[in-house]
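**Student:** My questions all concern the structure below.
The values are calculated or read from the model by the stated rules, or taken from the named source; none is laboratory data. Treat the numbers as computed from the prediction; the structure is a model and nothing was measured. Side chains are part of the model used for accessible areas, which takes the heavy atoms of the whole protein and leaves out ligands, DNA and RNA. Shrake-Rupley method; radii C 1.70, N 1.55, O 1.52, S 1.80 Å.
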Amino acid sequence: MKKIFLLSLLISLVHISHAQNCEKGCGKITKVEPTKIKGVKPNRALLLLRFQGPDGKPAKSRIKVIVDKDTMHPKIDATGLAKITTKPGTHSLKFIANYWYSVKMDNVKVEADKTYSLFIRYEAKEIGATKSKEKD
């Protein structure tokens, strides 16, 4: 009986240690599927980015996306969805918005001709914080 209890305790501790710390925002891949959208260049991966602000509502503007060292300001629709393409490989992603903590995702591996749905949730900086002054 003690062995079963210790085993379940160990499994739950491992699960908790692998959980992402979301106190300052989170980013995660929610779905991967073959690209079905027309107009995407061949040998590219499509990233569908869904942004959510600290209030739980879609974030629709003033978001900067950095893929490795390339900076872009994607067009975001009313639901908080933006679409970008990138070359296949392993990338470092960073999502920056004024007055919110930036969200980083390192070692994101993408393959050509696949669509990756990502969910990015921001958390607000403390009261009195200024705009994000992070460099590109």
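**Student:** If I compute solvent accessible area with a 1.4 Å probe over the protein chains, what percent of it on the range 47-116 is carbon and sulfur? Spell out each step's value before the answer.
**Tutor:** Values: 1810 of 3850 Å².
Ligands and nucleic acids excluded, carbon and sulfur reach 47 percent.
**Student:** Okay, moving on. Using only the alpha carbons, work out the radius of gyration and Dmax of the range 43-124 in angstrom.
**Tutor:** 12.2, 37
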